[in-house]
Amino acid sequence: MSPHPNSQPYYLKAGPVATRLNSFIGWLARRGVSLQGSAELSVVGRKSGQLQRVPVNPHTHQDTQYLVSARGHSQWVRNMRAAGGGELRVGREVRTFTAAEIPDDLEKVRVLRTYLERWGWEVNGYFKGATATSTDDELLAAAPDHPVFQITVQK
């Protein structure tokens, strides 16, 4: 069930400059250059069956890896829900993983807080005023707008 029963789920579409920048960051990741931990996510499209590629900032919280969608319920999020996993690439290193979306609870709040501590300089604008220093209640209110997936890398 959607966390937004009477409206469209939150999604902040990238503008032309951000789209070009994301393409460049993905291009760098495919060539082995990770900007502060970035990687290129590949996930099978739920309608097209084609691989969708997008740069992401994998996040580690208490020795567990996560993918956070700062922009909201994007296409990669919808595809991840359908596919249940994907690949993270930096150069020739490809990590295949399974993914499970985590619920909007205090564990998600803790993940979002540490994500914002690490990546807030880049993504705070997408969180409608919530930051790493926000209260648990403020982050819990923001949680439905920012899907988080726990990923398990296949060995």
Pick from Asp104, Asp137, Asp63: which is most flexible by mean-square fluctuation in a GNM of the chain where alpha carbon atoms under 10 Å apart are linked? Asp63
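FRET efficiency for Trp121 and Arg31, Cβ-Cβ distance as r, R0 = 25 Å, nearest 0.05?
That gives a FRET efficiency of 0.55.
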Helix-only mean residue ellipticity at 222 nm for the chain, each DSSP H run of n ≥ 4 adding -39500 (n - 2.57), per residue, nearest 500: -10000 deg cm²/dmol
At a threshold of 8 angstrom on Cα-Cα distance, excluding pairs fewer than six apart, so keeping six or more, what relative contact order does the chain reach in percent? 25 percent
Dipole magnitude of the chain about its Cα centre, charges +1 at Lys/Arg Cβ and -1 at Asp/Glu Cβ only, in debye to the nearest 20? 860 debye
When the chain is modelled as a GNM with alpha-carbon springs shorter than 10 Å, which of Ala14, Ala83, Ala29 fluctuates the most? Ala14
Listed candidates (1) 33, 15, 14; (2) 33, 20, 13; (3) 23, 17, 16 - label of the one calculated as semi-axes √(5λ) of the Cα gyration tensor in Å: (3)
Calculate one ³J(HN,Hα) per residue across segment 44-61 by plugging θ = phi - 60° into the Karplus curve 6.51 cos²θ - 1.76 cosθ + 1.60, and present them in order as whole Hz with x for glycine and proline. 6, x, 6, 9, 7, x, 8, 5, 9, 10, 8, x, 9, 10, x, 10, 10, 9
Only loop residues by DSSP count here, and only those with at most 13 other Cβ atoms within 10 Å; note down the trypsin sites (Lys or Arg not before Pro) in segment 42-129 that meet that. Lys47, Arg92, Lys128
Rounded to the nearest 10 degrees, what's the angle between the helix 106-123 long axis and the longest principal axis of the chain, both from Cα atoms, 0 to 90? 60 degrees
Excluding residues on the same chain fewer than 8 positions from Lys155, give the lysines whose Cα lies under 30 Å from its Cα. Lys47, Lys108
Grab the Cα-Cα distance for Lys47 and Asp136, subtract it from 0.36 nm times how many residues apart they are, and report the gain in nm with one decimal. 28.4 nm
Report the full-extension gain for the segment Lys155 to Ala82: residue separation times 0.36 nm, less the Cα-Cα distance, to one decimal in nm. 24.1 nm
Would you look at the GNM of the chain, springs on alpha carbons closer than 10 Å, and say which of Pro16, Pro103, Pro55 moves the most? Pro16
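None of the figures in this text is laboratory data; all of them are computed from the coordinates on show. Keep in mind it's a predicted model, so treat the numbers as computed, not measured. Cβ: placed from backbone, ideal geometry, glycine included. Neighbour counts: every protein chain shown.
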